[in-house]
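Engineer: Would you mind keeping the following structure in view while I ask a few things?
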Amino acid sequence: MLVVVDHPLIKVHITVLRDHMTGTDEFRSRLTALTRLLAFPVLQDLDIIPMTVTTPLAQTTGYKLDKVPVLVPVLRAGLGMVEGFRDVVPNTVVSHLGMYRDHHTLKPIRYYSNFPTSYHDHPVILLDPMLATGGSAVDALDYLKQEGAQNIRVVSIISAPEGIKKVDECHPDVNVFTAQLDEGLNDLGYILPGLGDAGDRQFGTVLD
């Protein structure tokens, strides 16, 4: 299922992220702020359990998470989405998944992973700013399910219809949360109008 998160502030942040004149520091700051807004609808169904807490005046009932989420940012662009989620859930577990796209075949190549299999029954949040062809997302979901993950959701900033369709075809049980559904892909597999390469723009590696 696709969930396009609609909020006035999200629209403002996306506009700044799209602008080719936005510098690296501003890009990272806006990406974190936008991700923080996305975190609330993504995590709204987390299970909580009651606990007793003592205030300065009395005891009362409070709550804690039953299972903390596991964040899985796709390296390197997904790293920019981690801080926003950790601002909302500070004790979140962070795994990492290293992938890159072969520019000739447009297929994903996986080169690093460290998913903690003891957390297989926890909510797993796959983070990647751009859901373009869907190849990387499908490969990542294949891997996470092979490692035992059962409750996975994908979070992107901008998605293309082609990517959404591919994820839905290969993993119909996985919900995709995005801030923007764009027009489609160009001949090189990049999202239009998009925002360019999210990794390069975060880390200042845009080539002249």
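Engineer: Beyond 17 Å, what percent of the Cα pairs of the range 31-90 remain? Don't jump to the answer; show the numbers that get you there.
Structural biologist: Details: 899 of 1770 pairs.
I get 51 percent for the Cα pairs in the range 31-90 exceeding 17 Å.
Engineer: Please state, to two decimals, what the Cα-based radius of gyration of the range 1-119 comes to when divided by 2.2 N^0.38 Å (N = residues). Don't skip to the end; give the middle numbers.
Structural biologist: Working: Rg = 18.2 Å, N = 119, 2.2 N^0.38 = 13.5 Å.
Working it through for the range 1-119, the quotient is 1.34.
Engineer: What residues have an amide H closer than 5 Å to that of Asn175, excluding those fewer than 5 places away on the same chain, when H is modeled at 1.01 Å from N in the peptide plane?
Structural biologist: Placed amide hydrogens put Val154 under 5 Å from Asn175.
Engineer: Determine the sum of side-chain charges near Val174: Lys and Arg each +1, Asp and Glu each -1, restricted to other residues whose C-beta is under 15 angstrom from that of Val174. Working shown, then result.
Structural biologist: On the way: positive: Lys145, Arg153, Lys165, Lys166; negative: Asp45, Asp128, Asp139, Asp142, Glu147, Asp168, Glu169, Asp173.
Its environment carries a net charge of -4.
Engineer: What dipole magnitude, in Debye to the nearest 20, does the chain give about its Cα centre under +1 on Lys/Arg Cβ and -1 on Asp/Glu Cβ?
Structural biologist: Values: 17 positive and 25 negative charges, 81 e Å.
I would put it at about 380 debye.
Engineer: Still on this structure, please answer the following. Sorting check: for 171-181, 20-30, which peptide has the highest mean count of neighbouring beta carbons within 10 Å, and how do the rest follow?
Structural biologist: On the way: 171-181: 18.5, 20-30: 14.1.
Output ranking for 171-181, 20-30: 171-181, 20-30.
Engineer: Now, a different point. Run the reach check for Lys166 against lysines, Cα to Cα strictly under 17 Å, same-chain hits fewer than 8 apart removed. What comes back?
Structural biologist: Excluding near neighbours in sequence, the set is Lys107, Lys145.
Engineer: Follow-up. Using each residue's phi in the range 62-68, evaluate 6.51 cos²θ - 1.76 cosθ + 1.60 at θ = phi - 60° and report the 3J(HN,Hα) Karplus result to the nearest Hz, with x for Gly and Pro.
Structural biologist: Each residue of the range 62-68 in turn: x, 9, 9, 5, 5, 9, 5 Hz.
Engineer: OK, next. For mean projected area of the Cα convex hull in nm², which listed value, [x] 10.8; [y] 13.1; [z] 14.4, comes from the coordinates shown?
Structural biologist: Only one listed value fits the structure, namely [y].
Engineer: Something else now. Along the range 43-60, what does the Karplus equation 6.51 cos²θ - 1.76 cosθ + 1.60 (θ = phi - 60°) give for ³J(HN,Hα), rounded to whole Hz, x for Gly and Pro?
Structural biologist: Residue by residue, the range 43-60 yields 9, 5, 9, 4, 7, 10, 10, x, 8, 9, 10, 9, 7, x, 10, 6, 8, 8 Hz.
Just so you know, all these numbers are worked out from the coordinates, no wet-lab data involved. Everything quoted here is computed from the prediction, not taken from an experiment. Note that we place each Cβ from the backbone using ideal geometry, even for glycine, and neighbour counts take in every protein chain shown.
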